[in-house]
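Novice: The following block contains the structure, expressed as structure tokens.
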Amino acid sequence: MGSKLSMIQTQALVCKNNGFTLLEVLIALAILSVGILGVVKMQISAIDGNAKAIKYTELMIAAQNQIEQLMQMQYTSVADGTISLGHSDDDTIPENYTLTYVVNTVSQYKQITVSVSHSSDPNDHPSATFTFIIAQDV
């Protein structure tokens, strides 16, 4: 009789350890949800970062194209002043952006500042500014 009782107790213990309780499953789901939310947030940040990088690349290409055009010109052909161009003037300039370059003659060279910024709201959008010089031919 004693062995039958211990066998029943052993079987009862074995039966209690099969599977998970509802509380354990809920805790596991909560931990999994927090992990998945972190991955989703990280993915959203990566997408935003890529979009900004693309915009900065477009701005730098537009500015670089203008710099190359100005450097190919004769020194005397580059007039002092401020000139603004838009997407309709040059298709390398992104839509809703304005490329502005300012030319100042200083002694034997010209200092040129090229800026690309958003037309309507420059503070909330990326912009790029480059300054370079061209020397007078000797």
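Novice: Bin width 10 Å, origin at 0, all Cα-Cα pairs of the chain: what percent of pairs per bin?
Specialist: Spelled out bin by bin, the chain gives 10, 24, 16, 11, 8, 7, 6, 6, 6, 4, 2, 0 percent.
Novice: A further question follows. Hey, what do the phi angles of the range 28-45 turn into as Karplus ³J(HN,Hα) couplings, whole Hz, using 6.51/-1.76/1.60 and θ = phi - 60°, x for Gly and Pro?
Specialist: After applying 6.51 cos²θ - 1.76 cosθ + 1.60, I find 4, 5, 5, 5, 4, 4, 4, x, 5, 4, x, 5, 5, 4, 5, 5, 4, 5 Hz.
Novice: Pairwise over distinct Cα atoms, reciprocal of the mean inverse distance: report the Kirkwood radius of the range 57-101 in Å, one decimal place.
Specialist: Hydrodynamic radius (Kirkwood, Cα pairs) of the range 57-101 is 11.1 Å.
Novice: Report in % the part of the accessible area of the chain that belongs to carbon and sulfur, leaving out ligands and nucleic acids; probe 1.4 Å.
Specialist: 61 percent
Novice: Explain nothing, just the number: dipole magnitude of the chain about its Cα centre with +1 on each Lys and Arg Cβ and -1 on each Asp and Glu Cβ, in debye rounded to the nearest 20.
Specialist: Approximately 1240 debye in magnitude.
Novice: Using alpha carbons only, how many degrees (0 to 90, rounded to 10) separate the axis of helix 2-16 from the longest principal axis of the chain?
Specialist: Roughly 20 degrees between the two axes.
Novice: Follow-up. Identify which of Ser84, Ser117, Ser107 has the largest mean-square fluctuation in a Gaussian network model of the chain, with springs joining Cα atoms closer than 10 Å.
Specialist: Ser107
Novice: Let me ask you something else. Which whole-number value in Å³ per residue fits the convex hull of the alpha carbons of the range 99-138?
Specialist: Expressed per residue, the convex hull around the Cα atoms of the range 99-138 is 55 Å³.
Novice: Next up: Along the range 80-90, what does the Karplus equation 6.51 cos²θ - 1.76 cosθ + 1.60 (θ = phi - 60°) give for ³J(HN,Hα), rounded to whole Hz, x for Gly and Pro?
Specialist: 5, x, 10, 10, 10, 10, x, 4, 5, 7, 8
Novice: Using modelled backbone amide H atoms (1.01 Å from N, in-plane), which distant-in-sequence or interchain residues come within less than 5 Å of Ser119's amide H?
Specialist: Sorted by chain and number, the residues that satisfy this are Tyr97, Thr98.
Novice: Report the extension gain between Phe20 and Tyr109 in nm, rounded to one decimal, defined as 0.36 nm multiplied by the number of residues separating them, less their alpha carbon distance.
Specialist: Net length gain for the segment: 24.1 nm.
Novice: With each label point set 7 Å from Cα along the Cα-Cβ vector, what nm distance links Thr76 and Ser127?
Specialist: Each label point lies 7 Å from its Cα, and together they span 3.5 nm.
Novice: With a 1.4 Å probe and all protein chains left in place, how much accessible area per residue does the range 54-109 have, in Å²?
Specialist: Per-residue accessible area for the range 54-109 comes out at 62 Å².
The values are calculated or read from the model by the stated rules, or taken from the named source; none is laboratory data. Not measured: the values here are computed from a predicted model. All Cβ positions, glycine included, derive from the backbone under ideal geometry; neighbour counts span all protein chains shown. These accessible areas exclude ligands, DNA and RNA; they are computed on the full protein's heavy atoms, side chains included. Shrake-Rupley method; radii C 1.70, N 1.55, O 1.52, S 1.80 Å.
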